[in-house]
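What follows is one structure encoded as structure tokens, with my remarks underneath.
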Amino acid sequence: MTGRESPSAASLIEMLADGDSWQSWDDTPPPVAVPAGYADQLRRAAERSGADESVRTGRVRIGGWPVVLIVSEFGFLGGSIGRVAGHRITTAIRRATRDGVPVVGLPCSGGTRMQEGTPAFLEMAAISGAVLDHRAAGLLYLTYLRHPTTGGVFASWGSLGQLTWAQPGALIGFLGPRVVAGLAGAPMPDDVQRAENLAAHALIDDVVALGDLGDRIHGVLAALGDRGGSPRTAEPRVPVGDHLAEPAAEPAGGPDRVWTAVTATRSAGRPGVHALIDTEDTAILGDTGPIVLALSRFGAATVLVVGQDAERQRAGALIGPAHLRMVRRALTFAAELRVPVVTVIDTPGAELSVAAEEGGLAGEIARCTAELISLPVITVSVLLGQGAGAAALALFPTDRRIALDDAWLSPLPPEGASLIVHHDTKHAAEVASGQRILAAELAGAGVIDRIVPSADAASIARLVHAAIAEELDAIAAPDPASRVRVPVPGSGQAR
């Protein structure tokens, strides 16, 4: 096996586990109705890979030490994470936390599953929340990034390890090469998104050959002893729920309504974050790039506003690693001074460049998301317009969530999703119509708490401002568990 080949999930488990110690925690998901084309893709993926989903989870022993493994199966739709896979990962991590067992994540994935759209994308926040709780319990979470690891997986649980190793020669990046070339207009240099380059820029801890991985994991577990997790008696398997939710009814107005909303949120002159904070009760803390920081009053509360400036991003100032580090410093400020936080989401997506990759964009997004989830103050997010990709998700998981009725949240810009599904951008409107990206659809699933109707610019600012004030007043205390809620498979509710 060459350095850039990655074994199947089953082969990797066999390679790492002591003898017959593997105990699967994955129940077979019951089939439910899905669109015919997607159902065919799932069936063919299962036949080719021999797996029922894109991830396997379970408990093993490595050198005698108990470990929970989360192993991507790239042969199943490129290891993409849909709702079942996401739920499996979250369930496994939380069970490991309960049992006091360390977790080793072994991703090999193209990211979020485009066929399932935003509900699948939101699983990244739920997984990140589970990882945070596991680490807060004083337990080990180690990641080994396999070839390839990109997209939402790299920008969430792939970047949250206390230790992060990678496979030699592995392609590791914020977005895969085809999507970068299609969206940025030029390919990324081949050596930038490689494990060795990430190690050279201190974005991962080491490059470890597959043949050495078991011994390296065992060495860490043995050195930590009981601090890495202590043996417990295995409990019965935890069911993962339905395979997929029933397809949502097409929004009123059909596909044209979705694309009309996408187009509207991209228009120059649309009210942005400054429409909410340009008042006499605002003190600007930072306003030199795509992120605006301010102390502003909403009703009786003075809050820290962390807002994405759509106008500056339309002019080419996209969100990069340094901007996210600025956000993280601001969140620390809010935590230490006990100031509520309001985030404003309005982004076409993060910067796609060599500098962004080498600056650790995916890791900064993951850490920003994680710190917002665990913030010990009241939080409210406002989906004001575009919500494209992980740069949007980084500011989304809050206690309460408000959205304009034509705002949207998706794993990628629709053109990027089209590149993944159809290898071109011509199907962007068609793909977007099936991804359940609109705020109204997300509200129906329990992901958005409050919809504000679109109106003229002045009215939008007034209505959103009032909604923020009312939501802040209604929250009694921070609730980190509520910040990672996503639609439960097989229902219209959120978990």
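So which residues in region 78-105 are on the phi > 0 side of the Ramachandran plot and free of Cβ contacts under 8 Å to residues at least 60 places away in the same chain?
Selection gives Gly78 alone.
Residue under question is Gly387, and the condition is that it be more than 23 Å from Arg328 (Cβ to Cβ), touching a residue at least 12 places away in the same chain (Cβ under 8 Å), in the same structural domain as Val292 (by TED's automatic domain parsing) and not in a loop (DSSP other than H, G, I, E, B); does it hold?
no
Yes/no per residue for (1) in the same structural domain as Ala391 (by TED's automatic domain parsing); (2) closer than 15 Å to Met124 by Cα; (3) at pLDDT below 85; (4) not charged (D, E, K, R):
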site	(1), (2), (3), (4)
Tyr144	no, no, no, yes
Thr150	no, yes, no, yes
Trp157	no, yes, no, yes
Leu160	no, yes, no, yes
Val179	no, no, yes, yes
Leu183	no, no, yes, yes
Asp190	no, no, yes, no
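Can you tell which of Thr91, Thr97, Thr28 is under 26 Å from Gly389 (Cβ atoms) and either assigned by TED's automatic domain parsing to the domain that holds Gly434 or of a type outside the set (D, E, K, R) (or both)?
Of Thr91, Thr97, Thr28, the one residue that is under 26 Å from Gly389 (Cβ atoms) and either assigned by TED's automatic domain parsing to the domain that holds Gly434 or of a type outside the set (D, E, K, R) (or both) is Thr91.
Can you run down the residue pairs with Cβ atoms below 8 Å, 6 or more apart or on separate chains, where the first is in region 474-485 and closer than 16 Å to Ile448 by Cα and the partner is assigned to a loop (DSSP other than H, G, I, E, B) and among the charged types (D, E, K, R)?
Here the result reads Ile475/Asp399; Asp479/Asp399; Ser482/Asp399; Arg483/Asp399; Arg485/Arg495, each pair linking region 474-485 to a residue that is assigned to a loop (DSSP other than H, G, I, E, B) and among the charged types (D, E, K, R).
Does Gly19 satisfy the criteria of being at positive phi and either assigned to a strand (DSSP E or B) or out of contact with any Pro (no Cβ under 9 Å at 6 or more places or on another chain) (or both)?
yes
Out of region 162-177, which residues are part of a loop (DSSP other than H, G, I, E, B), modelled with pLDDT of 90 or more and either among the aromatic types (Phe, Trp, Tyr) or in contact with a His (Cβ under 7 Å, 6 or more places away or on another chain) (or both)?
Passing the criteria: Gln167, Gly169, Ala170.
Say whether the condition of being touching a Leu at 6+ places or on another chain (Cβ under 9 Å), in contact (Cβ under 8 Å) with a residue 40 or more places away in the chain, within 21 Å of Ile93 (Cα to Cα) and hydrophobic (A, V, I, L, M, F, W, C) is met by at least one residue in region 106-119.
yes
Quick one: count up the residues across region 409-425 that are assigned to a loop (DSSP other than H, G, I, E, B), farther than 18 Å from Arg257 by Cα and under 19 Å from the mean Cα position of the chain (by Cα).
2
Would you mind stating whether Gln115 is among the polar types (S, T, N, Q) and either in contact with a Gly (Cβ under 8 Å, 6 or more places away or on another chain) or at pLDDT 90 or above (or both)?
yes
Every residue, every condition in (1) crowded, with 16+ Cβ neighbours inside 10 Å; (2) touching a residue at least 40 places away in the same chain (Cβ under 8 Å); (3) in contact with a helix residue (DSSP H, G or I) (Cβ under 9 Å, 6 or more places away or on another chain), yes or no:
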| position | (1), (2), (3) |
| --- | --- |
| Ala268 | no, yes, yes |
| Gly299 | no, yes, yes |
| Arg312 | yes, no, no |
| Arg328 | yes, yes, yes |
| Ala334 | yes, yes, no |
| Pro348 | yes, yes, yes |
| Ser353 | yes, yes, yes |
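What pairs come up if the first residue lies in region 429-442 and is more than 18 Å from Leu419 (Cα to Cα), the second is basic (Lys, Arg) and part of a helix (DSSP H, G or I), and their beta carbons are under 8 Å apart, counting only those six or more places apart or on different chains?
Going by the 8 Å Cβ cut-off, the qualifying pairs are Leu438/Arg257.
Could you list, in sequence order, the residues of region 327-380 that are small (Gly, Ala, Ser) and within 12 Å of Val303 (Cβ to Cβ)?
Ala330, Ala334
Working carefully through the options Thr288, Thr347, find the one that is hydroxyl-bearing (Ser, Thr, Tyr) and in contact with a strand residue (DSSP E or B) (Cβ under 6 Å, 6 or more places away or on another chain).
The conditions single out Thr347.
Hey, does region 383-398 have a residue that's among the β-branched types (Val, Ile, Thr) and touching a helix residue (DSSP H, G or I) at 6+ places or on another chain (Cβ under 9 Å)?
The answer is yes, given that some residue of region 383-398 is among the β-branched types (Val, Ile, Thr) and touching a helix residue (DSSP H, G or I) at 6+ places or on another chain (Cβ under 9 Å).
The values are calculated or read from the model by the stated rules, or taken from the named source; none is laboratory data. Quantities reported herein were computed from a predicted structural model and do not represent experimental measurements. When we count neighbours, we look across all protein chains shown, and the Cβ atoms used for this are built from the backbone with ideal geometry, even at glycine.
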